[in-house]
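Data first, discussion second: the structure below is written as structure tokens.
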Amino acid sequence: MRFLFKIILLLSQIPLRILYLISDFMFFVIYYIIGYRRKVVLENLQHSFPEKSPTDLKKIEKKFYINFCDYIVETFKSFTISSTELRVRVQHLNQDIFQEAKEENKNVILLAGHVFNWEWYNTLATIIPQENSFPVYRKVQNSFWEEKIKSLRNRFGNQALEAKEVIRHIFRNPNDGNSVYMFVADQTPHHSEVTYGLNFLNQKTPAFVGYDKLSTRMELAFVFCEMKKVKRGYYQINYYRIYPDGEKFVEHEVVKKFHHLLENTINKRPDNYLWSHRRWKYQNAIKFMGQ
């Protein structure tokens, strides 16, 4: 593992224009030779877009693998890329909402999906007025990779929190507008933890609801992160405040609104979503509620 990580660090030193040549080669191997999870990807696309023709689905599938390979080399680059370069490559739009939340004395809950490249959110900590930025990650069983992933998320002044710790941390941390928590919120809960589901991309979908408990108990600013791939190596993130329909959020309201916004984002550019993930493997775990 240490040898593999040394290779990753060496690759990380290479300019992105060269890494994208490696990505092109990876795409050929992964797509045409190995066929990595092609059955899973195609099934996910077919169920999500039943109205699309096989030809259209094939185009999305191929573009997905191109973006997926770019994501891999960009993640390698994340270990050494400078804050300056990353701020050139990722444009953060509608930043005023962070100042508004600070003035309202409300901590911010950022809700993002697995839209490429979510690993490049990290420099947000360098441009927002909040003092504390907490990316939320899932614990990795291997202690070596746990340490490396945490160090990656901790770059640029972030303080990474493991998913099982974050809710407790939010309740104990002063709600004074000085903290931002970054959730990749379309995670698939384990079968034993599925308590709620909704219709998402034409499918019954188990939903992670940890942040929903916060919405009904605390006055927080919930923000949707819409990632857009402008061109290879360049992204825009637009931030949208999520408001309750009434005076306060009711149970599962913020979960429904997040998934609705994410679905709209995916429909605009479906090849940018992580289709190789077994997102719907526990879809029959509970009785589902419609959106």
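The values are calculated or read from the model by the stated rules, or taken from the named source; none is laboratory data. Quick caveat: nothing in here was measured; it's all calculated off a predicted structure. Here the Cβ positions follow ideal geometry from the backbone for every residue, glycine too, while neighbour counts run over all protein chains shown. Note: accessible area is taken over every heavy atom of the protein model, side chains too, but ligands, DNA and RNA are not part of it. Shrake-Rupley method; radii C 1.70, N 1.55, O 1.52, S 1.80 Å.
Observations
- Filter result for Lys164 (in a helix (DSSP H, G or I) and more than 18 Å from the chain's Cα centre (by Cα)): no
- Scan the range 151-161 for residues that are surrounded by 14 or more Cβ atoms within 10 Å (Cβ to Cβ) and either among the hydroxyl-bearing types (Ser, Thr, Tyr) or in a strand (DSSP E or B) (or both) and the total you get is 1.
- Considering residues of the range 234-248 that are surrounded by 14 or more Cβ atoms within 10 Å (Cβ to Cβ) and in contact (Cβ under 8 Å) with a residue 40 or more places away in the chain only, the residue nearest to the chain's Cα centre (by Cα): Ile237
- Here Ile97, Ile81, Ile60 are screened, and the one residue that is among the hydrophobic types (A, V, I, L, M, F, W, C) and part of a loop (DSSP other than H, G, I, E, B) is Ile81.
- Just one of the listed residues (Asn202, Asn158) is modelled with pLDDT of 90 or more, in the same structural domain as Ile97 (by the TED database) and farther than 29 Å from Leu9 by Cα, and it is Asn202.
Yes or no, residue by residue, for (1) of a type in the set (Gly, Ala, Ser); (2) at pLDDT 90 or above:
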residue	(1), (2)
Ala112	yes, yes
Phe116	no, yes
Asn122	no, no
Pro129	no, yes
Asn132	no, yes
Pro135	no, yes
Lys139	no, no
Lys150	no, no
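- Failed item, numbered, when Lys63 is tested on (1) in the same structural domain as Asp24 (by the TED database); (2) crowded, with 16+ Cβ neighbours inside 10 Å: (2)
- Candidates are the residues of the range 176-196 that are under 15 Å from His252 (Cβ atoms) and more than 19 Å from the chain's Cα centre (by Cα); the one that is surrounded by the fewest Cβ atoms within 10 Å (Cβ to Cβ) is Thr195.
- Check on Val90, of a type outside the set (Lys, Arg) and open to solvent by 10 Å² or more (accessible area, probe 1.4 Å): no
- Hits in the range 18-35 - residues which are in contact (Cβ under 8 Å) with a residue 24 or more places away in the chain and either farther than 28 Å from Ile60 by Cα or loosely packed, with under 15 Cβ neighbours inside 10 Å (or both): Asp24
- Checked against (1) within 25 Å of Asn67 (Cα to Cα); (2) in contact (Cβ under 8 Å) with a residue 12 or more places away in the chain; (3) surrounded by fewer than 19 Cβ atoms within 10 Å (Cβ to Cβ), Lys231 meets all criteria but (2).
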